[in-house]
2 protein chains.
Amino acid sequence: MKLKPLLSALLIGAASLSASAQTDSVTIRKIYDEALVNGQAYDNLHYLCKNIGQRLSGSTNAQKAVEWGKKLMESYGFDKVYLQEVMVPHWVRGEKEQGFIIDGKTRTPVALAALGMSVATPKEGITAEVIELHDLKELDALGADKIKGKIVFFNRPFDERFIETGAAYGTAGDQRRSGPDAASKYGAVAVIIRSLTSALDNYPHTGTTSYGTVNTPIPGAALSTVAANKLSETIKNAKGKPVKFFLKQNCQTLPDAPSFNVVGELTGTENPNQFVTVGGHLDSWDLAEGAHDDGTGVMQSVEVLRIFKAMGYKPKHSVRAVLFMNEENGGRGGKKYAELAVQNKEEHIAAIESDEGGFTPRGFSFERPSAEFLKQVNANWKSLLAPYEADMLVAGGSGSDIGPLRGSVPGVTLIGFRPDSQRYFDIHHTPNDVFENVNKRELHLGAAAMASLIYLIDQHGLKF
Amino acid sequence: MKLKPLLSALLIGAASLSASAQTDSVTIRKIYDEALVNGQAYDNLHYLCKNIGQRLSGSTNAQKAVEWGKKLMESYGFDKVYLQEVMVPHWVRGEKEQGFIIDGKTRTPVALAALGMSVATPKEGITAEVIELHDLKELDALGADKIKGKIVFFNRPFDERFIETGAAYGTAGDQRRSGPDAASKYGAVAVIIRSLTSALDNYPHTGTTSYGTVNTPIPGAALSTVAANKLSETIKNAKGKPVKFFLKQNCQTLPDAPSFNVVGELTGTENPNQFVTVGGHLDSWDLAEGAHDDGTGVMQSVEVLRIFKAMGYKPKHSVRAVLFMNEENGGRGGKKYAELAVQNKEEHIAAIESDEGGFTPRGFSFERPSAEFLKQVNANWKSLLAPYEADMLVAGGSGSDIGPLRGSVPGVTLIGFRPDSQRYFDIHHTPNDVFENVNKRELHLGAAAMASLIYLIDQHGLKF
């Protein structure tokens, strides 16, 4: 059935728009029409999730994803499609982890998962008394006397008062990132943490932990929030009597493995050596399909270029979709991309990352903008994005894959795509990060928002 | 664990705020803290969905919901809690409906559900040739010659280009609301429609159909979108050869039954006879739990009053939470509420309805505002709601329960709560509208947004 033109979104304030803004308004409407009516990101994501699945760096599936991503972009006829080789960490989870709360003679199994990059326990597992803490600082106060030989349980929950859940993740995240290393300093034998989420359910949330070079690495694992509550309650009810925990995991870090970023490009008609990058990361954790983290981001990035091609829009500057490798446990793909940009003397105008889930777009955050820049971006573009409810243009972070461009490539503006954040940490790094939790329209609206911003940057630059 | 004060949201622009706006900013932060840290709407919704469940007007469950809603508000110690009696339509679905596509000798069963208020088929069902249409206007063009004795299949999908899905629902909805009545005029024997949704799945979406007083009522049912596609494809493949359809349903409309709106009130300290109403509807369709439609709206409305009480905020004007009865198939509760407001000579300042799902709040729409009103609302309040990302203050619809106040109660401003709309029509009126599809934080953010707006109205009025 032929669709009638849909003008409602265009008409808002159209009378007061300049000719240039009217052209922009019409083009953005076309971008949204293409994304919403003919969008392919959802079907592509289905393939990535269901026919490839989990794709942790160094795995066979990661390699399959690289090959498929390249073929996909070639099938769209982008001007250039190529790989950037990069050596990546190769961590494997091994057998399903085991954990038990040991309360006297009662052994209660709990849902947990090794933290990414964690070391294994001894083959027979570790059994030790648990001490519950809420802050890394408590380690220093307690000292080796109280910590040595114990399993430290970090149980600080998300602070629910933050409006964006990323802020709660940020402030709770030290328990996972640094907990094992910090506790090891005082002789702890393992660390278990409360999963980083607002959700109360039985999914453990994995994610990278980092060891420094000083302390002996000890195993780290995340308990589901239900399990964390159970353990905390058991400790409370024991009234000072020791509660023990059993942890067994045989994950290991293999030698670095070769892998690739996948790059697709529409070459600029006027400034081919000036780049706008849009990307997400192709690797995922191994517990599920990496649907929202970050299948949505990579499929949206490919979709931006597909939309431009389908519309016949030929960008003045080169626009690249980059499927970064190894965001989750090393960030090597991002570093390689920046390294090659420097090596090839590329000029980068802007880079946009989508790695906060494929939810309804709210807008974009600009890294370290001047007050004047932010004012001008809003003055010029907010009204163009408002009809699509993607007009929150604020100061904030961008993304860890494009981060290495900061400093190394002068003049680049780093931008984070900002979708609604409420549901992201319900599924983040869990066995529940599956295709079924992605909404087609939300995903495609995000791709359209990203394409719209890139169109505006391509037309008008970012020299505010 | 004691929470440290969270000031980030307050500090935005705080330096430029007047003393009054600073007070407002602090109070709104307290509202959000109470909702996000101690919110009870989610647990209350769990009870409503799991211990009561579906609650179509006139049903035993609807009565249970009335009694429970009253007890709940009494347990919170609101100043007044009472019922408003109202007679409601009493439609029952009867046995599970049956539908088959009959293509030559092949009978393919399909997922479908009778439209609310539909008449039954004869006991043995109806078998007739299907004619596929996309617009009610096509009926007039085809006339009785082509329609008589047939089952009309309205298969116009949502127009995906709309940004808010409510607009797509609005423009596709005539097929359900008026399709059976319109086709009956030309002698059709039944109408089946494509479910009103963007989702491609096997859930049928019920919802009210209306019969005029002229044409003979014929049965109406909604096919899942998968079933609608299957039928359309079968018709296409038949290349002009008749495709038949079998429909059997034994729903019926019983005599009107007594029921109730449930009203809770915090009585105004300065203007007790001036009211701000906040409401949703307590009744639901019978296929599931009415979680998003509209369990979330009623629980948010109760939560607004609970938040005020928990904070010790005593409104100047009376604030009422109204759990309206019979929004889905009659709107009698809304009419009764307006009728009693007139009868009791109540002065109503504003009424806010939450009936678009319990998703992340985006803002509010004001019904038929003057340009000056909208400008002033934004000038005064947008910056206060922006830190919570609920600051879209626009012209638009309100809700069908508060609608009858329009005209009958002079001076009332009608306001619709505007959550993110993308997922609503995935589950709207289906067997999938269950508690599990509601996110706790999204629900509580909505209650906080509503409480914040009501606080501002209570403090500053709406005389812009």
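The values are calculated or read from the model by the stated rules, or taken from the named source; none is laboratory data. As the structure is a prediction and not an experimental result, all values here were calculated from the model. Note: ideal-geometry Cβ built from the backbone for every residue, glycine included; neighbour counts use all protein chains shown. We work out accessible area using only protein heavy atoms, side chains counted, and drop any ligands, DNA or RNA first. Shrake-Rupley method; radii C 1.70, N 1.55, O 1.52, S 1.80 Å.
Summary table
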| read-out | value |
| --- | --- |
| Å² of accessible area per residue within chain B, as computed with a 1.4 Å probe and no ligands counted | 38 |
| Dipole of region B:257-407, positive end: most advanced residue of B:Asn378, B:Leu282, B:Ala395 [Cβ charges, Cα centre] | B:Asn378 |
| Listed residue (B:Thr197, B:Thr106, B:Gly312) projecting farthest to the positive dipole end of the protein assembly as shown, Cβ model | B:Thr106 |
| Listed residue pairs exceeding 25 Å between alpha carbons, taken from A:Lys137/A:Lys236; A:Lys440/B:Lys30; B:Lys50/B:Lys335; A:Lys80/A:Lys335 | A:Lys440/B:Lys30; B:Lys50/B:Lys335 |
| Per DSSP, loop GluC sites (Glu not before Pro) in region A:108-177 with at most 14 further Cβ within 10 Å | A:Glu124 |
| Value in Å of the Kirkwood radius, where region B:11-95 supplies the Cα pairs that are averaged | 16.6 |
| Principal-axis tilt of helix B:137-147 within chain B, Cα atoms, nearest 10 degrees | 30 |
| Percent of beta bridges antiparallel (DSSP, the protein assembly as shown, rounded to nearest 5) | 50 |
| Distance in nm between pseudo-label sites at A:Lys71 and A:Leu254 (7 Å out along the Cβ direction from Cα) | 2.2 |
| Efficiency of FRET between B:Lys230 and A:Glu372 - r from beta-carbon atoms, R0 56 angstrom, step 0.05 | 0.45 |
| Residues in region A:122-156 reached by a label modelled at A:Ser210 [backbone nitrogen below 20 Å; 7 Å Cα→Cβ] | A:135-140, A:154 |
| Accessible area buried at the A-B interface, both sides summed, 1.4 Å probe (Å², nearest 100) | 3200 |
| Cα-based shape type of region B:95-250, given that a ≥ b ≥ c are square roots of the gyration tensor eigenvalues and the cut on a/c is 1.5 | rounded |
| Efficiency of FRET from Cβ geometry, B:Lys123 and B:Asn202, R₀ 25 Å, rounded to 0.05 | 0.40 |
| Sequence-distant lysines (8 or more away, or on other chains) whose Cα lies within less than 20 Å of B:Lys239 | B:Lys105, B:Lys146, B:Lys150, B:Lys230 |
| B:Phe435 accessible area, assembled protein chains, probe 1.4 Å, Å² | 20 |
| Descending semi-axes in whole angstrom, ellipsoid equivalent of the protein assembly as shown, from the Cα gyration tensor | 46, 35, 30 |
| Residue of chain A nearest the A-to-B rotation axis [by Cβ], rounded angstrom distance | A:Asp420, 3 |
| Inter-chain Cβ neighbour average for residues A:25-34, partner chain, 10 Å | 1 |
| Cross-link partners of B:Lys375 among lysines (Cα-Cα below 26 Å; sequence separation of 8 or more within a chain) | A:Lys375, A:Lys382, B:Lys316, B:Lys463 |
| Pairwise label distance in nanometres, B:Thr171 with B:Val37, each label 7 Å out on the Cα-Cβ vector | 4.6 |
| Kirkwood-based shape ratio for region A:206-351, expressed as Rg/Rh from alpha carbons | 1.17 |
| Region A:377-464: translational diffusion in µm²/s, Stokes-Einstein, Kirkwood Rh over Cα pairs, 37 °C, 0.692 mPa s | 217 |
| Cα centroid separation - region B:417-438 against region B:239-284, whole Å | 16 |
| Inter-probe distance in nm under a simple model that places probes 7 Å from Cα toward Cβ, at A:Phe464 and B:Asp140 | 5.0 |
| Heavy-atom accessible area ranking, 1.4 Å probe, most first, across B:Asp159, B:Asp140 | B:Asp140, B:Asp159 |
| Per-residue SASA entry for B:Trp68, accessible area with 1.4 Å probe, Å² rounded to 10 | 40 |
| Percentage relative contact order, region A:94-250, counting C-alpha pairs under 8 Å, at least six apart | 39 |
| In Hz, Karplus ³J(HN,Hα) per residue of region A:46-61 (6.51, -1.76, 1.60; θ = phi - 60°; x = Gly, Pro) | 4, 4, 4, 6, 9, 9, 10, x, 4, 8, 5, 3, x, 7, 4, 5 |
| Value at 222 nm in deg cm²/dmol, rounded to 500, when DSSP H runs of n ≥ 4 in chain A each add -39,500 (n - 2.57) | -10500 deg cm²/dmol |
| Rounded FRET efficiency, nearest 0.05, which uses the C-beta distance separating B:Lys64 from B:Lys382 and R0 of 45 Å | 0.60 |
| Tilt relative to chain B, helix B:225-238 - C-alpha long axis, 0 to 90 degrees, to 10 | 30 |
| Distance histogram in 20 Å bins (all Cα pairs of chain B, percent per bin) | 25, 51, 21, 3 |
| Cβ-vector label at 7 Å, B:Asp201, separations to other copies in nm | 1.4 |
| Relative contact order (percent, whole number), chain A, Cα cutoff 8 Å, 6+ residue spacing | 21 |
| Cα long-axis angle, helix B:296-311 against chain B (0 to 90 degrees, to the nearest 10) | 10 |
| Kirkwood Rh, angstrom, region A:150-195 [1 / mean 1/r, Cα pairs] | 11.2 |
| 5 angstrom amide H check on B:Val119, placed H, neighbours 5+ away | B:Gly220 |
| Area accessible to solvent at A:Ser25, 1.4 Å probe radius, in Å² | 20 |
| Fraction of accessible area attributable to carbon and sulfur, the protein assembly as shown (%, probe 1.4 Å) | 52 |
| Packing-based ranking, highest mean first, of A:100-113, A:46-59 given that Cβ atoms within 10 Å are counted | A:46-59, A:100-113 |
| Inter-copy spacing of B:Thr216 label points, which lie 7 Å from Cα along Cα→Cβ, given in nm from shortest upward | 9.0 |
